[in-house]
Amino acid sequence: MSLLQVVIDTNVIIAGLRSTKGSSYRLLQLIGKGLFDINISVPLILEYHDVLLRQLPHLKLSKTDIEDLIDYYCSVGQQHEIFYLWRPVLRDPSDEMLLELAVKARCDFIITFNKRDFRGVEKFGLVVVTPQEFLVQIGAL
């Protein structure tokens, strides 16, 4: 049986690192544990890195912790090069790279808090869920 394939939006990473009480934190704890595969691309990793460093004053992490976290995601993530752009499809142009990665990686889910920004992705066979909805789906909540 193959694992579910997901792309995780940056807003979920930030939420999970800001608080240990929510479903985002629980989701981050499960990365690399064999319940699902995260899919990454260079643009997504660069966004994670940039946004996490900007959020550093609001996180209980050091710059080294952020670097280690990014390294971990790179080591456990399924890496993809994107050669075909589907733009414009989404409301927010900055979310297009998530859609393109999800299509390339043949993902099952995009995990985000901004579900309305991903309207229309169902035509690519994708389901957009919040962290809580995803955890319920995999029986981890």
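Here are some notes:
- Test: residue in the range 30-45 that is closer than 22 Å to GLY139 by Cβ and open to solvent by 50 Å² or more (accessible area, probe 1.4 Å): yes
- Those residues of the range 80-98 which are modelled with pLDDT of 80 or more and touching a helix residue (DSSP H, G or I) at 6+ places or on another chain (Cβ under 6 Å), in sequence order: HIS80, ILE82, ASP95, MET97
- Within the range 116-141, being of a type in the set (D, E, K, R), open to solvent by 60 Å² or more (accessible area, probe 1.4 Å) and at pLDDT below 95 holds for ARG116, ARG119, GLU122, LYS123.
- A search for C-beta distances below 7 Å between a residue of the range 124-136 that is touching a residue at least 12 places away in the same chain (Cβ under 8 Å) and any residue that is hydroxyl-bearing (Ser, Thr, Tyr), counting only pairs 6+ apart in sequence or on different chains, returns VAL128/THR112; PRO131/SER23; PRO131/SER24; GLN132/SER23; LEU135/SER23.
- Restricted to the range 116-138, and to residues there that are part of a helix (DSSP H, G or I) and among the β-branched types (Val, Ile, Thr), the residue that is farthest from ARG106 (Cα to Cα) is VAL136.
- Among (1) within 22 Å of ARG18 (Cα to Cα); (2) in contact with a Pro (Cβ under 9 Å, 6 or more places away or on another chain); (3) open to solvent by less than 50 Å² (accessible area, probe 1.4 Å), the one test that PHE113 misses: (3)
- Residue among LEU35, LEU52, LEU59, LEU30 that alone is in contact with a helix residue (DSSP H, G or I) (Cβ under 6 Å, 6 or more places away or on another chain) and more than 26 Å from GLU96 (Cβ to Cβ): LEU59
The values are calculated or read from the model by the stated rules, or taken from the named source; none is laboratory data. Fair warning: this is a prediction, and the values are worked out from it, not measured in the lab. Cβ sites come from the backbone with ideal geometry, for glycine too, and all protein chains shown count toward neighbours. Accessible surface is based on the protein model in full, side chains and every heavy atom, while ligands, DNA and RNA are left aside. Shrake-Rupley method; radii C 1.70, N 1.55, O 1.52, S 1.80 Å.
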